[in-house]
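This report refers to the structure that appears directly beneath it.
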Amino acid sequence: MKVLYITTVNLMQESGVASKIRGQVKAMRKQGLDVQILYATNGTINYVNLDDDRVFAVYRKLPVVGFFNMLKALYSNAFKIVNEKNYDGVYIRYSLSDWNLIKFLKSLKRSGVKIFIEIASYPYDGEYKAKTFFKKLGLQIDKFYRKKLYKYVDCCFVPRKNIGRVFNMNTVLFDNGVSIKDINTRNYEGRKENTLRLLGVANLSPWHGYDRVIEGIYEYYKNGGKANVIFHVVGEGAELENLKSLVDKLDLGKNVVFYGKKFGGDLDKIYGFCDVGVAAIGIFRQGTDNTSSLKTKEYCAKSLPFIMLHQEAGVDEDFPYAYRIENTPEPVDISEIIKFFEGIEKENYIEYMREYAEENFDWEEKFKVVIDKIKSC
C-alpha cells in the first residue's frame with residue numbers, strides 16, 4: 001500500500017515532533033507500507049523520501065491568514081502528488097480543520113483514496129486559552145469544520161487512552177514511541193553531594209508544567225531545604241518568557257538555568273550531569289487526565305529517571321525509576337523527589353532503563369496497531 005504522510009511540521013528543523021514523524025514513517029516502512037512525506041516550511045512545500053528531501057512547490061507567505069494560506073498550499077499540492085503518483089492512502093498529522101482541508105478530503109474520497117488522520121493532542125481546545133486573537137479565531141474555524149471530518153475519514157488515530165469516538169470518527173488509540181536506535185544512552189557522571197539536578201527538555205508549552213517544578217523549588221527552600229537543587233531547562237517555545245518571569249519573581253536565578261535549544265553532543269553533555277528528568281506534568285491545562293508523553297520514552301531510552309503523571313499511559317505502574325505525581329497545579333514536592341533519587345541512585349538503573357525502553361517503547365512495536373489498521377482498510 002502506497003501512503004503519503006502529510007504534516008505542517010517542518011522536518012528541516014530538529015525537534016522531538018520531527019523525530020517522532022521520522023520514527024513513525026520508518027516503522028510503517030518496516031511493516032511493508034510504501035510511505036513518503038509531504039510537509040510545509042516557511043514558504044515551501046517539500047516532498048521527502050527520508051533520505052531525499054526536495055522542494056516540490058513554493059507558496060506566497062501572507063500576513064494574518066498565513067497559517068491557513070499554508071494549509072491551502074499544502075493540501076492542493078498533496079492532491080496533485082496523490083493523483084500523479086497513484087497513492088492508495090494519505091496519513092494526515094492533524095493541525096486544524098478549515099475549508100481547505102474539507103475540500104481536500106472530499107476530493108480524495110471521490111478518488112477512492114483512503115484517509116487516515118492522527119490527532120496528536122486531544123482534546124486540544126484548552127491549548128488556545130492563552131493564544132493570540134488570530135489563533136483563537138483559527139480554533140473557532142476549526143470547531144465549525146471539524147464536525148464534517150467523519151464524512152471522509154476512514155480512521156482517526158489518537159495517542160491517548162479511554163477516549164472513545166473523536167468528532168464522531170472511528171478511532172484507534174496508540175501509545176507514543178521513540179526510535180530507540182537514534183537515541184544514545186547518556187554518559188552519566190554521577191550525583192554531586194547534597195545536589196539534585198533536574199532536567200526538562202521540551203518545546204516549552206503550558207502543559208509541560210515546568211512552573212510546578214519552579215514553584216516546588218521555591219517551596220522547598222521556604223520550608224528550610226538545604227540541598228542544592230538546580231532545574232536545567234532546554235528548549236524554547238510559547239511558555240519560555242512566562243517561566244523566566246516566574247524565576248525572576250521568586251528570585252531563583254541560581255536554581256533555574258535556561259539553555260535555549262540544544263541538540264546532539266551539546267544536549268548529551270547536559271543529560272550527562274542531570275539526575276532526574278521532568279516529563280509533561282501540566283496536562284490538566286489541556287482539559288484532560290490522559291496522556292502518552294514522548295518525553296517519558298526518551299528519558300527512559302537515555303536512562304534518566306523521571307517525574308511523570310499517575311495518568312501517563314504506556315509505563316508500567318510498578319516501573320521503579322519513575323516518580324508519579326498528580327495531574328494538578330500543585331508545586332512538585334522537591335523533598336520527595338530527593339528521597340526518590342536517593343533510593344535508586346546506587347542501583348544499576350542505566351542498563352535496566354535502556355533495556356526496558358528497547359522492549360516497550362520502540363516505534364515499530366508502538367505503531368503496530370496503527371499500521372495494521374491502515375493495511376486492513
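Please work out if residue 147 is under 22 Å from residue 173 (Cα atoms), modelled with pLDDT of 95 or more and not aliphatic (A, V, I, L, M). Yes: the conditions hold for residue 147.
Candidates are the residues of the range 185-200 that are touching a residue at least 12 places away in the same chain (Cβ under 8 Å) and out of contact with any helix residue (DSSP H, G or I) (no Cβ under 7 Å at 6 or more places or on another chain); the one that is surrounded by the most Cβ atoms within 10 Å (Cβ to Cβ) is 191.
The one condition from (1) out of contact with any Ser or Thr (no Cβ under 9 Å at 6 or more places or on another chain); (2) more than 30 Å from residue 32 (Cα to Cα) that residue 350 does not meet is (1). Taken over the range 315-358, the criterion of being within 19 Å of residue 283 (Cβ to Cβ), over 21 Å from the mean Cα position of the chain (by Cα) and not charged (D, E, K, R) is satisfied by 319, 331, 332, 337. Taken together, the residues in the range 12-40 that are more than 24 Å from residue 86 (Cα to Cα) and in a loop (DSSP other than H, G, I, E, B) amount to 4. Scan the range 273-310 for residues that are closer than 18 Å to residue 338 by Cα and small (Gly, Ala, Ser) and jot them down. 277, 279, 303 - these are the residues of the range 273-310 that are closer than 18 Å to residue 338 by Cα and small (Gly, Ala, Ser).
The condition of being touching a helix residue (DSSP H, G or I) at 6+ places or on another chain (Cβ under 6 Å), on the phi < 0 side of the Ramachandran plot and either surrounded by fewer than 23 Cβ atoms within 10 Å (Cβ to Cβ) or not assigned by TED's automatic domain parsing to the domain that holds residue 189 (or both) holds for residue 246. Residues that are hydroxyl-bearing (Ser, Thr, Tyr) and over 14 Å from residue 148 (Cβ atoms) within the range 76-104 comprise 76, 87, 91, 95, listed in sequence order. One residue stands out in the range 128-151 among those that are surrounded by 14 or more Cβ atoms within 10 Å (Cβ to Cβ) and farther than 22 Å from residue 69 by Cα: the one that is nearest to the chain's Cα centre (by Cα), namely 130. For first residues located in the range 23-46 and at positive phi and in the same structural domain as residue 77 (by TED's automatic domain parsing), partners that are modelled with pLDDT under 95 and assigned to a loop (DSSP other than H, G, I, E, B) and lie 6+ apart or on another chain with Cβ distances below 6 Å form the pairs 43/61. Picking from residues in the range 21-56 that are of a type in the set (D, E, K, R) and modelled with pLDDT of 90 or more, the one that is nearest to residue 264 (Cα to Cα) is 22.
Within the range 71-120, the set of residues being touching a residue at least 60 places away in the same chain (Cβ under 8 Å) and polar (S, T, N, Q) comprises 86, 95. All of 96, 74 fail the test of being closer than 19 Å to residue 119 by Cα, part of a helix (DSSP H, G or I) and either at pLDDT 90 or above or touching a helix residue (DSSP H, G or I) at 6+ places or on another chain (Cβ under 9 Å) (or both), apart from 74.
Here is the figure for the range 189-205: residues that are part of a strand (DSSP E or B) and among the hydrophobic types (A, V, I, L, M, F, W, C) total 4. Taken together, the criteria place residue 248 among residues that are of a type in the set (D, E, K, R) and free of Cβ contacts under 8 Å to residues at least 24 places away in the same chain. In this entry, residue 45 passes the filter for residues that are buried (at least 16 other Cβ atoms within 10 Å of the Cβ), closer than 20 Å to residue 83 by Cα and out of contact with any Ser or Thr (no Cβ under 8 Å at 6 or more places or on another chain).
The values are calculated or read from the model by the stated rules, or taken from the named source; none is laboratory data. Computed from a prediction, not measured in an experiment: that's the story for all the values here. Every residue, glycine among them, receives a Cβ derived from its backbone with ideal geometry; neighbour counts consider all protein chains shown.
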